[in-house]
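The values are calculated or read from the model by the stated rules, or taken from the named source; none is laboratory data. For clarity, every value in this text was computed on a predicted model and none was experimentally measured. Here Cβ is always computed from backbone atoms with ideal geometry, including for glycine, and neighbour counts include all displayed protein chains. Just the protein is used for accessible areas: all its heavy atoms, side chains included, with ligands, DNA and RNA removed. Shrake-Rupley method; radii C 1.70, N 1.55, O 1.52, S 1.80 Å.
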Amino acid sequence: MTRAEAAPSPAPHGAGDGSGGGAEAPRAKAGLADREGVLAWVMLLPSVVYIAALVGVPFLLAIAFAFSDVTTGDPSFDLVGFRNFDAVFADGVFWRALRNTLVFTLVSMALIVLFGKILANILVADFRGKWVVRFLVLLPWTTPVALSTISWLWFLDSIYSPVDWVLRHLGLIDANVVWLGRPGTAMASVIAVQTWRLTPLAAVIVMAGLVAIPRDIDEAARIDGAGFWRRMFEVTIPLTLPVIAVAGLFGAIMTFTDMTVPYVLTRGGPTHSTDVLASWAYFRGIEGGDVGQGAAIALFLFPLLLAGAVAILRAVRRLEAG
């Protein structure tokens, strides 16, 4: 009988095909979690749907209503061209509301950034009870705006104002100021409440920028003999300017489109001295019943806010590039 041939032994590593290695194992098929391009769109889809449903659709409806004769009493849709815009431009209250909006936004934004920077410097310092102080500082921002504004409505009451009571006992005033009954003090009160409400948000944003500053830079400035103010204006502020600009942008957006504070405190009075574009659009379109004119007034918020946001973002980009 012939002898059975022995089974061939496995070829040594690198032998056979001359390729220098064995055949590669077949790659497993990539799942959905490994496909970054598809996964990115899946994760972004809820945000896109949310923005389209709650921002895009109302914006398109506002454009359509602005060129129509829709009212709360007659919802039939008929195009009227630029008639609503002509009526808005001929309305003196609109121009006053536009001026009030710019003053309200610019002054509030400046104060929010200023006090936010001061508060952020206090919050990054080491002291006992720092976390309690941070919690208390955030309360004005986390409290619902209508509820906090109603509390200020009582604080600034023309008869029972505790602010007037304190000022009288300090000898600073002789009679009640009537904060919300005079044009000048009414606008100042609205700006003060808006600043009080949004300063904590700006402080948190600026505080994140302060914490990100390397300690070596501050220590080097101290070794060189730089005092507090010199370190503030030559080290801290230049390094945190982009973050400060972002805080100002958030303050401008939330102030420019806000009508709650003026509405709750003064309802636009006295004599429209605190009316802003958002509140006047509400008064004309909802309470006044002229939806077309209300939409036309509201549309002016978009280009003004867009221009301001683009200007601030360009400034931030230049600061980061420099």
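May I ask for the angle, rounded to the nearest 10°, between helix 183-212 and the longest principal axis of the chain, with both axes built from Cα atoms and the value confined to 0 to 90°?
Between helix and principal axis, roughly 20 degrees.
At 0.36 nm per residue, and after removing the present C-alpha to C-alpha distance, how many nm does the segment from Leu306 to Val211 gain when stretched out fully?
Contour length minus the Cα-Cα distance gives 31.2 nm.
Taking R0 as 56 Å, what FRET efficiency do you get between Leu239 and Leu170 from their Cβ-Cβ distance, rounded to the nearest 0.05?
For R0 = 56 Å, the calculated efficiency reads 0.90.
Using a probe radius of 1.4 Å on heavy atoms only, what accessible surface per residue do you get for the range 119-225? Whole Å² is fine.
Accessible area per residue: 61 Å².
Pop out the ³J(HN,Hα) list for the range 133-143 in order, Karplus 6.51 cos²θ - 1.76 cosθ + 1.60 with θ = phi - 60°, rounded to Hz; leave Gly and Pro as x.
Each residue's phi maps through the Karplus curve to give 5, 4, 4, 5, 5, 6, 4, x, 7, 7, 6 Hz.
Which value, in Å² rounded to 10, gives the accessible area of Met187 with a 1.4 Å probe and all protein chains present?
Only protein atoms counted, so the area is about 20 Å².
Once you mark the GluC sites (Glu not before Pro) that are in a DSSP loop and have at most 11 other Cβ atoms within 10 Å, what is the longest gap between them in the chain?
Free of exposed loop sites, the longest segment is 25-322.
Could you check the simple spin-label distance between Thr71 and Glu219, using points 7 Å along Cα→Cβ, in nm with one decimal?
Placing both labels 7 Å beyond Cα along the Cβ direction yields 7.3 nm.
Give me the accessible area of Leu313, 1.4 Å probe, in Å² rounded to the nearest 10.
Ignoring ligands and nucleic acids, Leu313 comes out at about 100 Å².
So what is the accessible area of the range 247-322 per residue, in Å², with the probe set to 1.4 Å?
45
Quick check for you: with a 1.4 Å probe and neighbouring chains kept, what is the accessible area per residue of the range 38-79, in Å²?
73
Any idea how far the Cα center of the range 67-117 sits from the one of the range 285-317, in Å?
With the range 67-117 and the range 285-317 each reduced to a Cα centre, they are spaced 7 Å.
Report the calculated FRET efficiency for Tyr50 and Thr143 (r = Cβ-Cβ distance, R0 = 25 Å), to the nearest 0.05.
About 0.50, to the nearest 0.05.
If you take the square roots of the eigenvalues of the alpha-carbon gyration tensor of the range 83-147 and sort them as a ≥ b ≥ c, do you get rounded (a/c under 1.5), prolate (a/b over b/c) or oblate?
It comes out prolate by the Cα gyration axes.
Taking all protein chains as present, what is the carbon and sulfur share of the accessible area of the range 51-144, in % to the nearest whole number, probe 1.4 Å?
Carbon and sulfur atoms account for 76 percent of the accessible area of the range 51-144.
For the range 164-272, with all protein chains present and a 1.4 Å probe, just round the carbon and sulfur fraction of the accessible area to a whole percent.
It is 66 percent, rounded to a whole number.
Rounded, prolate or oblate: pick one for the range 23-156, where a ≥ b ≥ c are the square roots of the eigenvalues of its C-alpha gyration tensor, a/c under 1.5 means rounded, and failing that, prolate if a/b is larger than b/c, else oblate.
Note, shape of the range 23-156 comes out oblate.
Considering all projection directions equally, how large on average is the shadow of the alpha-carbon convex hull of the chain, in square nanometres?
In nm², the orientation-averaged hull projection of the chain is 36.5.
What FRET efficiency comes out for Trp95 versus Asp126 if R0 is 35 angstrom and r is the Cβ-Cβ distance? Round to the nearest 0.05.
For Trp95 and Asp126, the calculated efficiency is 0.10.
Amide H of Ser68: which non-local residues (sequence gap of 5 or more, or other chain) have their own amide H closer than 5 Å, using H built in the peptide plane?
Here the answer is Val80, since their amide H atoms fall under 5 Å of that of Ser68.
Rounded to the nearest 10 degrees, what's the angle between the helix 301-321 long axis and the longest principal axis of the chain, both from Cα atoms, 0 to 90?
Once rounded, the angle reads 50 degrees.
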